[in-house]
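The values are calculated or read from the model by the stated rules, or taken from the named source; none is laboratory data. Everything quoted here is computed from the prediction, not taken from an experiment. With ideal geometry, Cβ positions are generated from the backbone for all residues, glycine too; neighbour counts draw on all protein chains shown. With ligands, DNA and RNA removed, areas are computed over all heavy atoms of the protein, side chains included. Shrake-Rupley method; radii C 1.70, N 1.55, O 1.52, S 1.80 Å.
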Amino acid sequence: MLNYNEVRPGGIVADEPLEELVKELKRSVVRMTEAAGGGYIAQGFCSAEVMATLFYRVLRLDPHDSDWADRDRFLLSVGHYAIAVYAAMEKLGFFDKAMLDTYSADGSVIEMIGSEMTPGIEITGGSLAQGLSQGVGLAIAAKLRGHVWRTVVYMSDGELEEGQTWEAAMVAGHHKLDNLLVVVDVNGVQADGRIEDVTGILPIAEKWQAFGWRVLEIDGNDLQVVLESLTGGFAPDGRPTIVVANTIMGNGVSSLHGKPDVHYVRWTPEQSADALREIAGEGAEPV
Ligand SMILES: Cc1ncc(C[n+]2csc(CCOP(=O)(O)OP(=O)(O)O)c2C)c(N)n1
């Protein structure tokens, strides 16, 4: 049996400390929202540790790689988290830094919701809960065709409220897709309020286990824990893996903490300047 963790070790910015890469990613998130006057800021910050780890330590995704057809497949199911993905992809050389300033602008290929128009984005993610089905298809295809690339699907707890997710989960367990890794961001809220007030999804781990998955439940904002979990993310025993990453909405930006209405944020230049100070370790402490 293949060990998919060994198939693609390391990342292409492996020499740069991950802590610094996380800060850089967050600064790029702020830059995008400064130009646009707002955006999915809280999501950019709650997912920063996971996205940095995936793009800089796990995925084989090099836009200059001549072996592009054999890249890992990263599927952003929850399309509005694209802000963090763009930040990571720019660093990897998918597009110029100046393009970050066009986030969500008319005609820009880095749209507010990730779509296949953007270099490196595999699927259009705006209609939520479709990414896992697509990922299952890609993982099955890799096995049928004898490819060693892996499929990683990033999704959110809001998508666990949708039926399509569970059909795909059942199929993945049935086919023992050990080349499939899902990370689900669990920040406890969706567009209409608290997840548990809209449609309860607890317990999460037990549901996936019942569908034949290996489940790792972690603090998704603890960089060391995230790194350990994701670099060993593929199960050695034939099961698909889901990493349940518990996160804090707007993590590290104190003006966003604990607010019920930060799904989409507009902010002032002063607020974004405050956020940059907090990233640099000045000002309020993260919760
Ligand atoms: C199929 C579908 N249903 C509903 C929506 C509307 N919608 C957009 S974002 C969102 C919240 C999703 O929850 P989550 O991604 O957990 O929110 P966040 O982490 O951003 O708080 C919803 C319901 C959608 N885009 N697609």
Peptides 122-130, 154-162, 234-242, 67-75: what's the order by average Cβ count within 10 Å, highest mean first? 154-162, 234-242, 122-130, 67-75
Tell me, how many Å apart are the Cα centres for region 44-119 and for region 191-241? 22
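Once you keep just the Cα pairs under 8 angstrom separated by 6 or more residues, what percentage relative contact order results for the chain?
Details: 577 pairs, mean separation 63.7, N = 287.
Computed over the chain, the figure is 22 percent.
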Could you tell me the relative contact order of region 170-255? Use alpha-carbon pairs under 8 Å, at least six residues apart, and round to a whole percent. 43
Anyone know which of S47, S254, S77 comes out most mobile in the 10 Å Cα GNM of the chain? S254
Could you give the accessible area per residue of the chain, probe 1.4 Å, as a whole number in Å²? 41
Relative contact order (%) - region 137-287, alpha-carbon pairs under 8 angstrom, separation at least six: 22
Taking a straight Cα-to-Cα line shorter than 28 Å from K97, and setting aside same-chain lysines fewer than 8 residues away, one finds K23, K26
How fast does the chain diffuse by Stokes-Einstein, in µm²/s, taking the Kirkwood radius from C-alpha pairs at 37 °C and 0.692 mPa s? 174
Could you size up the charge dipole of region 167-257 around its Cα centre, putting +1 on the beta carbon of Lys and Arg and -1 on that of Asp and Glu, and report it in debye to the nearest 20? 220
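Please give the peptides 270-280, 34-44 ranked by average Cβ packing (other Cβ atoms within 10 Å per residue), highest first, as a rough proxy for protection. Each step should come with its number before you reach the end.
Values: 270-280: 17.1, 34-44: 22.1.
The peptides rank, most packed first, as 34-44, 270-280.
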For the chain, with all protein chains present and a 1.4 Å probe, just round the carbon and sulfur fraction of the accessible area to a whole percent. 52
Compute the helix-to-body angle for 163-174: its Cα long axis versus the longest principal axis of the chain, expressed 0 to 90° and rounded to tens. 40
Filtered hits (lysines, Cα-Cα < 20 Å from K176, offset >= 8 within chain) -> K143, K207
